[in-house]
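Here's the structure we're looking at; comments come further down.
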Amino acid sequence: PPTILWFRRDLRLADQAALVAAAASGPVIPVYILDDETPRHRAMGGASRWWLHHSLARLDESLRARGSRLILRRGKCEDELAKIAGESGAGAVHCLRHYEPWWRNAERAVAKRLDLICHDGNYLAPPGSVKTGSGGLYKIYTPFWRALRDHMPPPVPVDAPEGLDAPDRWPASDRLDDWKLLPSRPNWATGFEGEWTPGETGAQVRLGAFAEIAARYDEQRNLPAIEGSSRLSPHLHFGEISPAAIWHAVADAGGSVDVFLAEIGWRDYAQTVILQYPDYGGRSAREAFDTALPWRSGKEADADFAAWQQGRTGYPIVDAGMRQLWATGWMHNRVRMIAASFLIKHLLIDWRRGEQWFWDTLVDADYASNAVNWQWVAGSGVDSNMFPRIMAPLTQSEKFDAAAYIRQWVPELADIGEPAIHDPDEFGRRPRSYPPKIIGHREARARALAAYDVMKADD
Ligand code: FAD
């Protein structure tokens, strides 16, 4: 009988353990199920859907080049898999393991009805396998990374098979276009097209380009005006490339490539955190942040939140980042930290609102990485206590040389030189088309620290 290969966030043929195992047992039925019921409010956001559409189209092409095809179904994954098994007489289902709490539940539900075989391969080491001396899981990144390094290098990646056996009869498939994953009117994704090539080949091209500059990663990664980082995050999120393949491609680059590998380690770390705290995306690990911190809410806060979303806060570095996010579905890491910190501390708005906006707008939106980074900036998480450390966005902008980045994303300021471009209000250079600062830095800082004291007094 044929075997079902169930794709989720692992849309690749190379270094795909589930594919290798399925192919070894005869004909394969590759399946992708669009399932919005299982994750419920964590269904994919708009930017992710744009990516998914293109990635599935590329995956189907690669499968067809190997004599196979991708079967598309929509519905609850365990029901659809059971139906496909019934229609095709398939025996087993192979998949890569995923760690979002809803996927772990779904894997259990599928295993009750079908012979489900899960494989590893989307992380440097299987999440949960890196243990402390006493056998528990790590909560803090640095010791986690030290322990993970002892498991490295990851296994050498395996190539995609040249051909796949087809079943005698293909089960019915939806048409990708009918899923309407792409925006129609307005088409907010026009800027995505020039920026990204979803799919396995696009991921390989990115990796090839990054390998050239990997040795200089540490010098360049914090400068938003430069392409100093890999931009592999959406490819990694959708599993179009395995972290092991990245590791083996760059590990010998020399220079500061270890700093880059440690960032890939952050991705593994985030999974270890959500294994221990499945609600991490919706609940602060330090409970007082949800119950006692006087976050702002109401009309005025809503207006401030909208200004942040639209990149109209009067802080050029924040606005440039938020506009880059809207236009391309991605934001530079340094600017993500600044923009997140600005929302949480300068605007005193609950980090969870920012997390949700990122969830909807990032092409690399990832439950674990997004939640772990938001809680890290807020200081509400298991690791840092960052809340009282209030970043000065204007100082950061100067320090990381963001002038060219601001000129690109905030064209109202394109004619302003340095240093005024970092703080046009302060230098009396603000054009009328650009808003004044939504709140002054010192005032915002005092307000945030006062709110923090209220929380501590209550704690
Ligand atoms: P590189 O610098 O080239 O790093 C290589 C890879 O390592 C990345 O592709 C990514 O997979 C991983 N990585 C790097 N930094 C981190 C990190 N801090 N945490 C976890 N993984 C990391 N990253 C996501 O993939 N999805 C998210 O939803 C996400 N949300 C974030 C929210 C906030 C508030 C912040 C501050 C950061 C967030 N990040 C998220 C982490 C980081 O900003 C992005 O991974 C990075 O900017 C992607 O660009 P790159 O591929 O060029 O990264």
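Among rounded, prolate and oblate, which fits the range 1-119 when a ≥ b ≥ c are the square roots of the eigenvalues of its C-alpha gyration tensor, a/c under 1.5 means rounded, and a/b larger than b/c means prolate? Oblate shape, in that a/c is at least 1.5 and b/c is the bigger or equal ratio. Taking 11 Å as the cut-off, the amide N atoms of the range 91-135 that come nearer than this to a point 7 Å along the Cα-to-beta-carbon line of SER25 belong to 91-95, 115-118.
For the range 283-322 versus the range 88-135, the spacing of their alpha-carbon centroids is 36 Å. Helix 46-64 and the long axis of the chain differ in direction by around 30°, with both axes built from C-alpha atoms.
The gain in end-to-end length when the ALA414 to ARG149 segment is fully stretched comes to 90.9 nm, 0.36 nm per residue minus the alpha carbon separation. Taking label positions 7 Å along the Cα-Cβ direction at both ALA457 and ALA262, the computed distance is 4.0 nm, reported to one decimal. By the rule of a C-alpha distance below 20 Å, with chain neighbours fewer than 8 residues away ignored, the lysines paired with LYS83 are LYS112. ALA392: net charge of surrounding residues, Cβ under 11 Å, Lys/Arg +1, Asp/Glu -1, itself excluded? Combined, the nearby Lys, Arg, Asp and Glu give +3.
With the Cα gyration tensor of the range 363-459 giving a ≥ b ≥ c as the square roots of its eigenvalues, does the rule (a/c under 1.5 for rounded; else a/b larger than b/c for prolate; else oblate) give rounded, prolate or oblate? The shape class here is oblate. A Cα-only calculation for the chain places Rg and Dmax at 23.0, 74 Å. Ellipticity at 222 nm from helices only: DSSP H runs of n ≥ 4 in the chain, each -39500 (n - 2.57), divided by the residue count, give -13500 deg cm²/dmol. Local charge for TRP376 was computed over the other residues whose Cβ lies under 13 Å away, with Lys and Arg +1 and Asp and Glu -1, and equals +2. Once you reduce the range 328-401 and the range 419-448 to the center of their Cα atoms, the two points are 20 Å from each other. Highest mean packing first, where packing is the average number of other Cβ atoms within 10 Å per residue, the peptides 348-354, 234-240 line up as 234-240, 348-354.
Please give the net charge around GLY191, taking every other residue with its beta carbon less than 15 angstrom from that of GLY191, where Lys and Arg add +1 and Asp and Glu add -1. Net charge in that neighbourhood comes out at 0. Between TRP179 and ASP165, the simple spin-label model (points 7 angstrom out along Cα→Cβ) gives 2.8 nm. The length gained by stretching the chain between THR190 and ARG296 to full extension, at 0.36 nm per residue less their Cα-Cα distance, is 34.7 nm. The packing ranking of peptides 197-206, 80-89, 150-159, highest mean first, is 197-206, 80-89, 150-159, where packing means the average number of other beta carbon atoms within 10 angstrom of each residue. With a threshold of 27 Å on the Cα-Cα distance, the over-threshold entries among LYS180/LYS299; LYS76/LYS180; LYS399/LYS437; LYS180/LYS345; LYS299/LYS345 are LYS180/LYS299; LYS180/LYS345.
All of the numbers you see were taken from the coordinates with simple rules; none came from a lab. What you see is a predicted model, and the numbers here were worked out from it, not measured in a lab. Neighbour counts run over all protein chains shown; Cβ positions are idealised from the backbone, glycine included.
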